[in-house]
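Before any comments, here is the structure.
The values are calculated or read from the model by the stated rules, or taken from the named source; none is laboratory data. Predicted model, so just to flag it, every value in this text is computed and none were measured. Because the Cβ atoms are built from the backbone with ideal geometry, glycine has one as well, and the counts that use them run over all protein chains shown. SASA here: full protein model, heavy atoms, side chains in, ligands and nucleic acids out. Shrake-Rupley method; radii C 1.70, N 1.55, O 1.52, S 1.80 Å.
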Amino acid sequence: MIIIGEKINGTIPSVEKAIREKDEQLIRDLAIRQTEAGADYIDVCAGTIPDIEIETLKWLMDIVQDAVDTPMCIDSPNPRIIEAVLKYAQKPGLINSISEENDKCEVILPVIQGTEWQVIGLTCDDKGIPSDVQTRIDITKRIVEKADKYGIEQNKIYIDPLVIAISTDNQSLLKFIEATKKIKEMYPDIHITSGLSNISYGMPLRKVINQNFLALAMGAGMDSAIMNPSNRDTMATLLAAEMLLGKDRHCRNFTMAFRKGKIGSQKG
Ligand code: THG
């Protein structure tokens, strides 16, 4: 699994406060803790105030790069902001994200042409998130075709099929699974990613729902997640699912994580 650590996000109240108070230490700690917990990328998202988004992202990126070698996942709804901050990254990582909304593809794809940057493509367009599977597949096809025009290979694309809250649509996970399977069938080299928390919106015991979503989505072929790697229960679910899906020879990763105290109750 390719883990994208979600914790450096200005929409989280404690991080918003750290940004406001220029608390470098808190951001540093989040970068280090997520890296130690197994993050392959560190998501950096400035939050919701557009006026200071570039400045905030640069500040976050500088701290993360000083603290860890883990590549970043640059998270902004505005493709022009992403374009503006890309030069502050010391090495290529992930862009979060493009979709068929407005001119996102047209702004981002030429910028990453010929580079090692990878990109997350959301299956939405100007009409929002489609509730059916076919529209998500159609959007995926068009994103892959547009990327191909710029020479961007399928293994650099992460499709996020945008799971809808189960409280709004009780077929939500089934649709996500169907979309994931079809996309993987069409494009075996493409990655599938997702945030874990959208599924449980409006429900109690959200983390239990999120962890079960993670396991079921992995079973369908999802190979990446935007998540909190420092959450021991989520990590245990992830490692158990990988093992059960035949991706952990001799159950080594699961056993080692347990022995090192990374999963399981702290008491043992
Ligand atoms: N898809 C893509 N990008 C995304 C999302 C997505 N970026 C933003 C968001 N969704 C993912 N990021 C977060 C960040 C924090 C939280 C949820 C989603 C969050 N974290 C809890 C906290 O910090 O308190 C901890 C959660 C836990 O321990 O399990 O709520 O869907 N492409």
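Summary of computed values
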quantity	calculated
Test: residue in segment 43-64 that is in contact with a Pro (Cβ under 8 Å, 6 or more places away or on another chain), under 23 Å from Arg232 (Cβ atoms) and either buried (at least 16 other Cβ atoms within 10 Å of the Cβ) or not aliphatic (A, V, I, L, M) (or both)	no
Within segment 109-143, considering residues that are in contact with a Phe, Trp or Tyr (Cβ under 6 Å, 6 or more places away or on another chain) and crowded, with 16+ Cβ neighbours inside 10 Å, the one nearest to Thr193 (Cα to Cα)	Ile120
Search result, residues across segment 181-203 that are away from the ligand (no atom under 15 Å from the Cβ) and without any contact (Cβ under 8 Å) to a residue 40 or more places away in the chain	Lys184, Glu185, Pro188, Asp189
Tabulated pairs, segment 2-26, first open to solvent by 70 Å² or more (accessible area, probe 1.4 Å) and at pLDDT 95 or above, second more than 9 Å from the ligand (Cβ to nearest atom) and polar (S, T, N, Q), C-beta under 7 angstrom, 6+ apart or interchain	Thr11/Thr48
Residue among Phe213, Phe176 that is part of a helix (DSSP H, G or I), away from the ligand (no atom under 11 Å from the Cβ), closer than 23 Å to Ile8 by Cα and modelled with pLDDT of 95 or more	Phe213
Residue among Ala31, Ala39, Ala67 that alone is more than 15 Å from the ligand (Cβ to nearest atom) and closer than 17 Å to Ser230 by Cβ	Ala67
Out of Asn170, Asn102, sole residue that is surrounded by fewer than 17 Cβ atoms within 10 Å (Cβ to Cβ) and on the phi > 0 side of the Ramachandran plot	Asn102
